[in-house]
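Taking it in order: structure first as C-alpha cells, then the write-up.
The values are calculated or read from the model by the stated rules, or taken from the named source; none is laboratory data. The structure presented is a predicted model; accordingly, all values stated were derived computationally and were not measured. Here the Cβ is made from the backbone with ideal geometry for all residues, glycine too, and neighbour counts use every protein chain on show.
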Amino acid sequence: MPTRAERRPALGRALPAAAAAWALLQFGAAAAAQDPGGLADSRAAMWPAPTEEDWALECLVSWQRTWEDALEVSRRTDRPILICVNMDGEIASEHYAGIRYRRPETAALYEPYVTVIASVYRHTPRDHDRWGRRILCPRFGSVTCGEHIAIEPLLYERYFEGKRIAPRHIAVELDRTEIYDVYYAFDTESVFETIRETIASRPSPQPTTALGDLSLVERVASPDIADRIAIERAFVEGDATVRLQLIEAAVVTADVDETDLLRMALFGDDPQLRRIAMRGLLEGSSPRAIDLIADVLRTPMSAEDREALVAALERLADSSPRARDLVTVYRGLGGRSDLVSAGAVYPAVPSPEQSLEYRRHAVAARLEARASELEDGPKEPDAVLGMAESFLALALHPDTDAALAALMLRDAGRIAAEAEDRGASAWRCAAVTALCAWYEGDHDAAQARAEETVAIMPPGAQSWNSMAVLSLLAEVRRMAIREAVRAREPWPREWLTDVHAAHDRLARHPHGTADHVVAHYDFLASFGASGHAAAVLERGLDRFPDSSQVHRRMRERLLAERRLDDVDGLEAVYEGLLREEDAHPALPWYAGYAAFIAAEVHRRAGAAGESLGAYGRAIAHFEAGIVSAPSSRESADHYIALALAARARVLFERGELDGAVAGLLASFDRAPGAAATLDGMNISPVATARLVLARLVELERHALAASLEASLGGLDPALLLPPEFESDGGQRRRR
C-alpha cells in the first residue's frame, strides 16, 4: 500500500497557485477555523454549488478545440477571443462550470466571442473510444479533456503572467493583444459586465457566410467547432456515400486539420474508408497528425502498414523532433542489443549468499575476514576483488555515514583496480569501478565502464553488482535519450535497444526490483510504445503484486484503454485478481482503491448512481483488506473516510440532506485526520460539510445543522482552514 506521502488523486491535478476566494476577504483564515458554518453560508450564498440536476444539463458554451482553431475562427469572423480558466473543487469555478456555463443567458453573453476553455484537470480517462469517436469532457461539453488540458500551458506562457488563477476571463483582440484580464472577482455580475462592455464598444464584425448556405463537404474546410461537430455527426449517422465524401474531403483539405474525422475512419470497420484515411494520414504533416500516427501504431496491424506509418514519420523527422523520436523508438524496439546478451536464466529468488550485500553486519564481517586473509598470506586476486566488493556494499548501505561512505567508495575503486591488475574477474572489477564512478559523480567514466562491464558480463551473473551495473547502463542510456529529446537533437536507436534489453534482464534478475519495472514502463509509455509497455507492466505485477507504483500504473493503463464497464475494465480486472487462488493479502486494498477511482470517474461523467455503488464496493474492499493485511488499517481508514464523504457529496447534490449528514459524521468519526484531504475531485470532506451546513441553515434544519456543526467543532482547527488555492485576494481587472 502507498505511504501517506504517496496518496494522490489519480485523475485530478492541483494547481500550484490561488483561485478566487470572496469569503476570505471578510473572514480570513482565523474566522474560517472559528466559524466554519458562517464561512460556508457566505461563500455558498455568493457561489451556489451546482446540484445533480445542474450537472445533468448540457454545457451551452461552445469552446474551440485548439488555440490554432480559435485564432483562425477569430480571423475569419472578426470576433475577439475569450479565454476562460476553470479549476476543479474551487467554489466559484464549480459554480461557473456547473451552473453558469449551462444557462442560455451565459451562452448568449459569450456568443460574440470565440471561446476557449483551459483547465488542467482530467474528467474522463481518455479522449476517444475504441472506434475513434471523441469522448467529450462532461464538465465543459464540446471539448475533450486532452484539449482543455493541452491549451492551458500555451495560454499560461502567453497570457497568464506567471499566475495560475481560476476562475479567470481574458479577452484577446484579433492581433492577439490582451483586452482585459479579470480574476479574483467578487461576483459573476462584475465579470459579465466587463464581457458586455467590451463587445458593446467594438465595431460589429463583418458578415460571414451562414452555415446553412454551405454543404457538409464545404464545411470540412472550416475550423469552427460548430462545423466540426456537424460533419462528425454526419459521418457517424450518415450512409456509406456521405462518409466517403467527407473522408475524401478531409484528405484533400490542406488549410484545416481534420485528424478527428480521419481517426474515426481509421478506427472504424469500413476497409475502404480506412484505406483513404490511411493515405491522408501518411501524407499529413500537422502535430495532431503525428499524434494520430502514434495512436494508430499502438494497435494491431500488418507489418506493411506499420512500416508505412514509421516511414511517414521518417518523412517528417527533419521538421518534427516528435516524429524523429517516434521513428527512433520503433526502430530501436525492433533491434538487438550489441551490449546486453539475451537469454539469461535466473533463479526465482536470490539465495542467502546473493543477498549478503543487503546485510550490513554480514558484509562487515566478510570484509574483516578478507582483510585478515590478505595480511596473513599472498594477495590472491579474488580475495582483493572481494574486499573491493565489500567496501562498495558497505558504502552503498543506507546505514553508512555519508563521509565514511565516500572514503569506502574511494577505497573500493582503488582496490578493484589493483585486483584487475592481478588478473581478477574482468567484469566484476569493471562493475565495481563503474558503480564507484557513478556514486562519486563521474558519470562519463561510469557510462564507459558500465558499457564495458555489460559487454563482457556472463549472461547468468546473479550478484547484486550485476543487477546494479545493468541498472546503471539503463539509467545512463535513458538520461542520454532524455537530454537529446529536450535539446531536440537526434539520438541513436541503439540507445533505446540497450535500455529495453537491460530492463528485460532486470525483470528476471534475482535482485531486480519494482523500481526497475516502473522505470522501464514509464520510459516506453512516454514515447507511446504502449504495447511493449503493457507487457512490461503485466509481468511486473506478477512479480511484485504489492508494489503501489506498479498498481498505480496498472490503474492508469486500464482507465486509458478500456471502459469501466468492460469485462476487462478497471474493477473487473481487480475482481479477477481477488479470485485467484494465490491472491496476495494486499490485493483487497488495491481493489478498494480501484473502485474508489472508478467512483470518481462515474462522478465526473454525471453517473451519480454508479458512483455510489462504486464507493460502496471500495469501502467493502478496504474493510476486507484490513482483515487480510492488518498493516493496511490506517491507510484503509483514510480512504474509507474519503469515500464516505464523497458519497455524502453525491447525496447532497441529489438533495438528500439526511444521508449527506450521516455520511459526513461517519467520515469524521472514521478518520478525523482525513477531513481536509482533497480527493480526486479536488474536494475535501470539510469543504462538503461547509456546503451541506449552509444548505441546512438556509432550510432551517436546525437539529441536523447542529449535529454537523458539533462534529466539525470536534476536529483539529487546522483541518478547518481553507485549502491553499482559496487564498486571500481582491477583485482584479486589468485592461
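When THR677 is tested against the conditions (1) part of a helix (DSSP H, G or I); (2) β-branched (Val, Ile, Thr); (3) at pLDDT 95 or above, the lone failure is (1).
Identification of helices (runs of 4 or more DSSP H) wholly contained in region 562-640 with 1 or more residues that are under 22 Å from ALA534 (Cα atoms) and not basic (Lys, Arg) yields 570-579, 587-604. Filtering THR513, THR433 for residues that are in contact (Cβ under 8 Å) with a residue 12 or more places away in the chain and surrounded by 21 or more Cβ atoms within 10 Å (Cβ to Cβ) leaves a single hit, THR433.
Restricted to region 445-498, and to residues there that are in a helix (DSSP H, G or I) and in contact with a Gly (Cβ under 8 Å, 6 or more places away or on another chain), the residue that is nearest to TYR346 (Cα to Cα) is MET467.
Say whether the condition of being over 24 Å from VAL518 (Cα atoms) and touching a residue at least 24 places away in the same chain (Cβ under 8 Å) is met by at least one residue in region 495-506. No, the conditions are met nowhere in region 495-506.
Of all residues in region 643-673 being closer than 14 Å to LEU704 by Cα and either among the acidic types (Asp, Glu) or not assigned by TED's automatic domain parsing to the domain that holds ALA705 (or both), which is surrounded by the most Cβ atoms within 10 Å (Cβ to Cβ)? Top of the filtered list is GLU656.
Matching residues to (1) of a type in the set (Gly, Ala, Ser); (2) in contact (Cβ under 8 Å) with a residue 12 or more places away in the chain; (3) farther than 13 Å from LEU564 by Cβ:
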position: ALA607; (1), (2), (3): yes, no, no
position: SER611; (1), (2), (3): yes, yes, no
position: ARG617; (1), (2), (3): no, yes, no
position: PRO630; (1), (2), (3): no, no, yes
position: SER635; (1), (2), (3): yes, yes, yes
position: ILE640; (1), (2), (3): no, yes, yes
position: ALA643; (1), (2), (3): yes, yes, yes
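Looking at region 94-113, can you tell me whether even one residue there is buried (at least 24 other Cβ atoms within 10 Å of the Cβ), touching a residue at least 60 places away in the same chain (Cβ under 8 Å), closer than 18 Å to TRP67 by Cα and of a type outside the set (A, V, I, L, M, F, W, C)? No, there is no match, as no residue in region 94-113 is buried (at least 24 other Cβ atoms within 10 Å of the Cβ), touching a residue at least 60 places away in the same chain (Cβ under 8 Å), closer than 18 Å to TRP67 by Cα and of a type outside the set (A, V, I, L, M, F, W, C). If I filter region 235-244 down to residues being touching a residue at least 12 places away in the same chain (Cβ under 8 Å) and surrounded by fewer than 18 Cβ atoms within 10 Å (Cβ to Cβ), which single residue comes out as nearest to the chain's Cα centre (by Cα)? Of everything passing the filter in region 235-244, VAL236 is nearest to the chain's Cα centre (by Cα).
Taken together, the criteria place SER631 among residues that are at negative phi, assigned by TED's automatic domain parsing to the domain that holds SER711 and surrounded by fewer than 17 Cβ atoms within 10 Å (Cβ to Cβ). Number of residues in region 162-205 that are within 25 Å of the chain's Cα centre (by Cα) and among the charged types (D, E, K, R): the value is 3. Among the residues of region 680-708, those that are assigned to a loop (DSSP other than H, G, I, E, B), among the aliphatic types (A, V, I, L, M) and under 30 Å from SER635 (Cβ atoms) comprise MET681, ILE683. Listed by first and then second residue, the pairs linking a residue in region 390-413 that is in contact (Cβ under 8 Å) with a residue 24 or more places away in the chain and assigned to a helix (DSSP H, G or I) to a residue that is among the acidic types (Asp, Glu) and surrounded by 14 or more Cβ atoms within 10 Å (Cβ to Cβ), with Cβ atoms under 6 Å apart and 6 or more places separating them unless they lie on different chains, are PHE391/ASP411; ALA393/GLU357; LEU409/GLU440.
Pairing each residue of region 329-346 that is over 13 Å from LEU470 (Cα atoms) and crowded, with 17+ Cβ neighbours inside 10 Å with any residue that is of a type in the set (Ser, Thr, Tyr) and modelled with pLDDT under 85, provided the two are 6+ apart or on different chains, yields no C-beta distance under 9 Å.
Which residues, taken from region 114-141, are free of Cβ contacts under 8 Å to residues at least 60 places away in the same chain, touching a Ser or Thr at 6+ places or on another chain (Cβ under 7 Å) and not β-branched (Val, Ile, Thr)? Correct list: ASP127, LEU136, CYS137.
Which of the residues that make up region 283-340 are in a loop (DSSP other than H, G, I, E, B) and of a type in the set (A, V, I, L, M)? Result: MET301, ALA317, LEU339, VAL340.
Among the residues of this structure, ARG324 counts as one that is under 30 Å from VAL499 (Cβ atoms) and not hydroxyl-bearing (Ser, Thr, Tyr).
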